[in-house]
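One structure is given here, and the rest of the page talks about it.
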Amino acid sequence: MGGSDRSVVISGGGTGIGRAIAARFAGQGDKVTILGRRADVLRAAAQEIEGAHPVQVVAVDLSVPEEIEQSLRELPERVDVLVNNAGRRGTPVRAGGLKEAAERWRRDFDNNVLPTVLLTEALLPRLTRPGGRVVTLGSLAALRGNGAYGAMKAALLAWNHTLAQQLGPHGATANVVVPGFVAGTEFFGALADREELARRRAQTLVGEVGKPDDIAAAVAFLASPEARYITGEFLNCNGGAMLGR
Ligand SMILES: NC(=O)c1ccc[n+]([C@@H]2O[C@H](COP(=O)([O-])OP(=O)(O)OC[C@H]3O[C@@H](n4cnc5c(N)ncnc54)[C@H](OP(=O)(O)O)[C@@H]3O)[C@@H](O)[C@H]2O)c1
């Protein structure tokens, strides 16, 4: 699936779902660049991922505009596929007043909205048209609710509509993949113990929690030339954990 030898940029590509996405594109012959804050984590992933081209790494905090501007010279001049995968689990609600609430919401905004919006703004002039693809990672939390984190992922769904409107006339698309629970990433870390896994498994219709490869398959489809007529959409990928949307 998908044209090979494309230039693919993946935020948060050093771990979890992003890493599986990177391996998938690299495996089909694409030139992959992975971004994240930890250079050592990125380098280790790049060494392990097999493909026709070496995986490029760029260490950058995508919530900081100046860092993105500085990283632009290390990023590819042409981008065929941009995967906005970087994000972080919501800040747990603890007792506190309005000051703490404001800090929590700002942190979840910095962690989940800014990396996607800023990286896209920065790379938009380099996105191939026609044929360019932007695929963003949302969350079931956007549809089901989960405090500030869910609200931030919902913001990305609305933002994606505007991006699709911008790109559509130029033959490029923008879509969101919406995972349910996915095990084996840093996202839940030790929180995903056996009991939690069993609870999450029971919520699905297929009797399995998601794997990073399941999400990578959905991303690869929306990034493929075959998906040219799908834009401004979101694709649920949750094993049936939620029906009807
Ligand atoms: N796992 C799930 O069940 C699940 C469910 C629904 C949606 N999602 C979404 O899927 C995406 C991937 O999550 P995951 O489960 O694979 O978790 P993960 O292993 O924690 O991956 C997140 C990645 O994003 C990077 N990142 C975070 N903030 C960044 C920043 N400011 N600048 C640059 N890179 C940043 C992290 O690297 P550094 O820490 O090195 O920066 C990390 O590699 C996220 O958007 C998440 O919200 C996950």
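Taking (1) more than 9 Å from the ligand (Cβ to nearest atom); (2) in a helix (DSSP H, G or I); (3) not aromatic (F, W, Y) in turn, D110 satisfies each apart from (1). The single condition among (1) within 22 Å of the chain's Cα centre (by Cα); (2) within 14 Å of the ligand (Cβ to nearest atom) that E196 does not meet is (1). For the stretch 145-162, the candidate set comprises residues that are touching a residue at least 60 places away in the same chain (Cβ under 8 Å) and more than 11 Å from the ligand (Cβ to nearest atom); within that set, the residue that is surrounded by the fewest Cβ atoms within 10 Å (Cβ to Cβ) is H161. A Cβ distance below 7 Å, combined with a sequence gap of six or more or placement on separate chains, defines the contacts here; from the stretch 103-120, residues that are aromatic (F, W, Y) reach residues that are part of a helix (DSSP H, G or I) and within 12 Å of the ligand (Cβ to nearest atom) in the pairs F109/M152.
From L82, L123, L72, grab the single residue that is more than 9 Å from the ligand (Cβ to nearest atom), in a helix (DSSP H, G or I), buried (at least 18 other Cβ atoms within 10 Å of the Cβ) and of a type in the set (A, V, I, L, M).
The unique qualifying residue is L123.
Residues in the stretch 25-40 that are open to solvent by less than 10 Å² (accessible area, probe 1.4 Å) and among the acidic types (D, E): D30 only. Inspect all residues belonging to the stretch 6-24 and state whether any of them is surrounded by fewer than 20 Cβ atoms within 10 Å (Cβ to Cβ) and outside any helix (DSSP H, G or I). Scanning the stretch 6-24, I find no residue that is surrounded by fewer than 20 Cβ atoms within 10 Å (Cβ to Cβ) and outside any helix (DSSP H, G or I), so the answer is no.
The values are calculated or read from the model by the stated rules, or taken from the named source; none is laboratory data. Every value quoted in this text rests on a predicted model; they were computed, and no experiment measured them. Positions of Cβ are backbone-derived with ideal geometry, glycine not excepted, and every protein chain shown enters the neighbour counts. Only protein heavy atoms, including side chains, enter the accessible area calculation; ligands, DNA and RNA are left aside. Shrake-Rupley method; radii C 1.70, N 1.55, O 1.52, S 1.80 Å.
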